[in-house]
1. May I ask what percent, to the nearest 5, of DSSP beta bridges between residues of the chain are antiparallel?
2. Using a simple spin-label model with points 7 Å from Cα along the Cα→Cβ vector, what separation in nm is obtained for residue 221 and residue 150?
3. Per residue and in cubic angstrom, what volume does the convex hull of the Cα atoms of the chain have?
4. Counting DSSP beta bridges in region 247-412, what percent are antiparallel, to the nearest 5?
5. Per DSSP H run of at least 4 residues, take -39500 (n - 2.57); add these up for the chain, divide by its residues and hand me the 222 nm value, nearest 500 deg cm²/dmol.
6. Between region 417-447 and region 189-210, what is the C-alpha centre distance in whole Å?
7. For residue 266 paired with residue 123, estimate the spin-label separation in nm (one decimal), with each label point 7 Å from Cα along the Cα-to-Cβ line.
8. So if R0 is 35 Å, what FRET efficiency would residue 340 and residue 69 give, r being the distance between their Cβ atoms, rounded to the nearest 0.05?
Amino acid sequence: MQKTVILNVVGLTPELIGEHTPFLSGWQAKGKAVTIDPVLPAVTCTAQATYLTGKSPDEHGIVANGWYFRDECEVKFWRQSNKLVQAPKIWDIAKDIDPNFTCANLFWWYNMYSSVDYAVTPRPMYPADGRKLPDIYTQPEELRSQLQSQLGQFPLFNFWGPNTSILSTQWIADSAKFVDERHNPTLTLIYLPHLDYCLQKHGPDTTKVAKDLQEIDAVCSDLIQYYENRGAQVIVLSEYGITSVSKPIHINRILREHGLLTVREELGRELLDAGASIAFAVADHQLAHVYVNDPFYIPKVRSLLEDADGIAFVLDETEKPTYHLNHSRSGELVAVSQPDAWFTYYYWLDDRRAPDFARTVDIHRKPGYDPVELFIDPEIKLPPVKIASKLIQKKLGFRYLMDVIPLDASLVKGSHGCLPASPSQGPLFITQQSHLLDSPAIMATDVYQLILRHLIENIN
């Protein structure tokens, strides 16, 4: 098989390749680029599962970045077990074709307990004293200490949160080269998330994200030249494009105001009580799975949502198959926002009653995706002083709450998840193997076969 490397440059679109990405612009010109018609929802976990299985969400089961686990009555995001993906993966098929095939997965999601040969994924430690310590999970296990001895501790707090930077993407790139030099896998999957942060903060305004584009271009330049010098074919692709937004939709507040959503009070704070609610929404960027525990209320809930400002359309059981969302993990209803809107998870009606984790970076406790975690609360007069005092508490072993995240959804200027208005605003696929691309656009499910063809067919 042909050695192949896939750079997943999150958020990269045809519109963003230009003066601030000189290397990628030149590399694209030497090969061929096509746009990808994304899957719905166009979010990380769903897109990646589609690319790696060639199946849609109704078959692979990854209907969003998180969903309602009905048997536990809990909303869970960013789970990590590969067992959740309910379809064969490309590396399993490739191994059936060639027993000598090997695969390295660097930070693509659902990267624990899979059948890849080499895996690296974020896995923080959570000691009983409340701390969150950066760490990784690897396969084989010894790779964990080897990588962090060579590259330093994985910069988790530069990977997500208000302190995101190129450091985490660079660490992932360096880890990929480390694995390649020692193991030379046939297929390498590399996740490069840097653009995801700035584009959600600022929207796709190249005047505001020029530095970030230059930084990711430099990382791609280094990786592509490294791998091509080792005889590898390189694919550059993305999962989705990020569009400008100005309209947050508080979908759970709509349901609560109509007596459909239930909360539980704890220490004066409110927690979503999903199992006791008639209906609630699991918000994920521009799509929300709406779970209706009592089917009698489905028509009422649908009517409420269709009347809500910012919601483009609502799918029920008869319409979900059109978008391949007819899976048991999906909500009874699926709401999709207009391109300039997005869904918050907020369910409280008074910010003083918001749960304590609402003002922190806590991707697992929140019952929905929260891009406001990318911001420091502008109401904090001296953020460095407050953060420093919290870190001192941490180092001294005291419990602390890093409550520096605002509750102002209007700060978010970019989002994704709904289908793009134009192909130039959507994901792309670039390769030097031009003969493998015979149309200007491909479906998200086509990526799987294109990767296989890169592995199997001869280079020009």
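1. That works out to approximately 60 percent antiparallel.
2. Going by the 7 Å Cα→Cβ label model, 2.4 nm.
3. Considering the Cα atoms of the chain, their hull volume per residue is 144 Å³.
4. Working: 18 of 21 bridges.
Beta bridges within region 247-412, antiparallel portion: roughly 85 percent.
5. Numbers: 12 runs with 132 residues, N = 460.
Calculated mean residue ellipticity at 222 nm is -8500 deg cm²/dmol.
6. 19 Å
7. Between residue 266 and residue 123, the label points sit 2.6 nm apart.
8. According to the calculation, E is roughly 0.65.
Taken together, the values in this text are just the output of simple stated rules run on the coordinates, not laboratory data. Since we're looking at a predicted model, the values are computed, not measured. A quick note on method: Cβ atoms are made from the backbone with ideal geometry, for glycine too, and the neighbour counts reach across all protein chains shown.
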